[in-house]
Amino acid sequence: MAFRLKLVPDHTSFDFFRWQWLTFGLSAAAMLGSVICIMVLGLNYGIDFKGGTTIRTESPTAFEVGDYRQALEGIDLGEIAITEVFDPSFGTTKHAALIRIGTTDATGSVTPEQLNEVEAALKKVDPQVSFAAVESVGPKVSSELINTAFYAVGAACLGIMAYIWLRFEWQFAIGAIVSLIHDALLTVGMFSLFQMKFDLTTIAAILTTVGFSCNDTVVVFDRLRENLIKYKTRPLIDLMNLTCNETLSRTVMTAVTTALALGAMMIFGGDVIRDFVIAMLAGVFIGTYSTIYVAKNIVLWLGVKRDWAKPGEKKEQAPGEDIPAAFRDAP
């Protein structure tokens, strides 16, 4: 006897539009809050966008961040930020730290002589310390990367809007683009609120979540278009509820399985990809929410044409035909 895992029953009758003004209002408030956070708090740009030098140190012995910071105080450097790196895969024989150094000169990075001074100073505190990686980015390159990154996100959203416009109708394209802007803006706002490192890896995660959200939205829109052809006179809000219930199992299963994979990456992937995974996890849940409570709300308010049936085609099936029993009996 085969066992089949079900996260959602086969037939559901949830009214996803019962609190449509509340859910959409919360989304609008969250978007506004994200804009305020970005304007007031700004973004904690990583080495890719800010310029400077990042050093990753490794040592077989435990260390104190305060000792590292005190050892570097005597060196003529710019702002120094030291964070200890925690990773379950390290065990007790590997200890790592990230040292970010900002310089005041035009190069945006420390010189080889300064690197030697930093290494010598740290070795006085921990003779077994070593530099596992050193990354430097100049201010000119970093400013260009910031502009290019945001252009990439904007171009992706416009391309997706054009694709959905051609495949469906302009109302669907508007709903999808508002949903994608919602997802990207809330993810960036989360990084601003918690001052997490924002770098090129984060941009890659945002673009990935935009694609994930678009895929989920297109699946639901495609089923909605089928129902619009099948039920010509049923109210649009009823067809949207029916569509959401029909695709709910697929939506939940996709989100959960993606979250499980990302959870494994967060636990075992190490600190290098942790910010990427956090952005992806946030994007998965935000994208799933926006597909149901943002994109379709926009389509509902704009309305869609109902003249897709071919000449001589049956205009509407018999009342209740092909509708799940649970949905048919719902009040």
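Quick grid of which residues meet (1) of a type outside the set (A, V, I, L, M, F, W, C); (2) more than 30 Å from Leu193 (Cβ to Cβ); (3) more than 19 Å from the chain's Cα centre (by Cα):
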residue: Ile237; (1), (2), (3): no, yes, yes
residue: Asn241; (1), (2), (3): yes, yes, yes
residue: Asn245; (1), (2), (3): yes, yes, yes
residue: Thr251; (1), (2), (3): yes, no, no
residue: Ala255; (1), (2), (3): no, no, no
residue: Gly269; (1), (2), (3): yes, no, no
residue: Ile273; (1), (2), (3): no, no, no
residue: Ile278; (1), (2), (3): no, no, no
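Looking at (1) in a loop (DSSP other than H, G, I, E, B); (2) of a type outside the set (Phe, Trp, Tyr); (3) touching a Phe, Trp or Tyr at 6+ places or on another chain (Cβ under 7 Å), which one does Arg225 not meet, given that it meets all the others?
(1)
Only one residue in Ala176, Ala152, Ala121, Ala184 is in a helix (DSSP H, G or I) and under 30 Å from Asp76 (Cβ atoms), so which one is that? Can you show your working first?
On the way: Ala176 fails: under 30 Å from Asp76 (Cβ atoms); Ala152 fails: under 30 Å from Asp76 (Cβ atoms); Ala184 fails: under 30 Å from Asp76 (Cβ atoms).
Criteria check complete, one pass: Ala121.
Run Phe49 past the list (1) open to solvent by 30 Å² or more (accessible area, probe 1.4 Å); (2) out of contact with any Gly (no Cβ under 7 Å at 6 or more places or on another chain); (3) at pLDDT below 80; (4) over 19 Å from Pro112 (Cα atoms) and report the number of the one that doesn't hold.
Unmet condition: (1).
Please verify whether Ile164 is under 21 Å from Ala28 (Cβ atoms), touching a residue at least 12 places away in the same chain (Cβ under 8 Å) and of a type in the set (A, V, I, L, M), treating the condition exactly as stated.
Details: under 21 Å from Ala28 (Cβ atoms): no; touching a residue at least 12 places away in the same chain (Cβ under 8 Å): yes; of a type in the set (A, V, I, L, M): yes.
So Ile164 does not fit the description; no.
Output the helices (runs of 4 or more DSSP H) that fall wholly within the range 246-331 and possess 1 or more residues being at pLDDT below 85 and over 23 Å from Val188 (Cβ atoms), or say none.
Details: elements: 274-290, 296-302, 325-328.
It comes to 296-302, 325-328.
Please go through the range 10-34 and give me each residue that is more than 14 Å from Tyr289 (Cβ to Cβ), of a type in the set (Ser, Thr, Tyr) and either open to solvent by 100 Å² or more (accessible area, probe 1.4 Å) or in a helix (DSSP H, G or I) (or both), ordered by number.
Within the range 10-34, Ser34 is the sole residue that qualifies.
Can you name the condition, by its number, that Cys37 falls short on among (1) open to solvent by less than 60 Å² (accessible area, probe 1.4 Å); (2) modelled with pLDDT under 85; (3) assigned to a helix (DSSP H, G or I)?
(2)
In this structure, does Ser192 turn out to be crowded, with 16+ Cβ neighbours inside 10 Å and in contact with a Pro (Cβ under 9 Å, 6 or more places away or on another chain)?
no
Could you please find all residues in the range 136-168 being under 20 Å from Leu228 (Cβ atoms) and either at pLDDT 80 or above or under 23 Å from the mean Cα position of the chain (by Cα) (or both)?
Selection gives Tyr163, Ile164, Trp165, Leu166.
Anything in the range 167-180 that is closer than 21 Å to Phe24 by Cβ and open to solvent by 30 Å² or more (accessible area, probe 1.4 Å)? List them, or say none. Spell out the reasoning first.
Here is the first cut: in the range 167-180, the ones closer than 21 Å to Phe24 by Cβ are 168-180.
Within the range 167-180, Glu169, Trp170, Ile174, Val178 qualify.
The values are calculated or read from the model by the stated rules, or taken from the named source; none is laboratory data. Because the structure is a prediction, the values reported are computed rather than measured. Note that we place each Cβ from the backbone using ideal geometry, even for glycine, and neighbour counts take in every protein chain shown. These area figures cover heavy atoms from the full protein model, side chains too; ligands, DNA and RNA do not enter into them. Shrake-Rupley method; radii C 1.70, N 1.55, O 1.52, S 1.80 Å.
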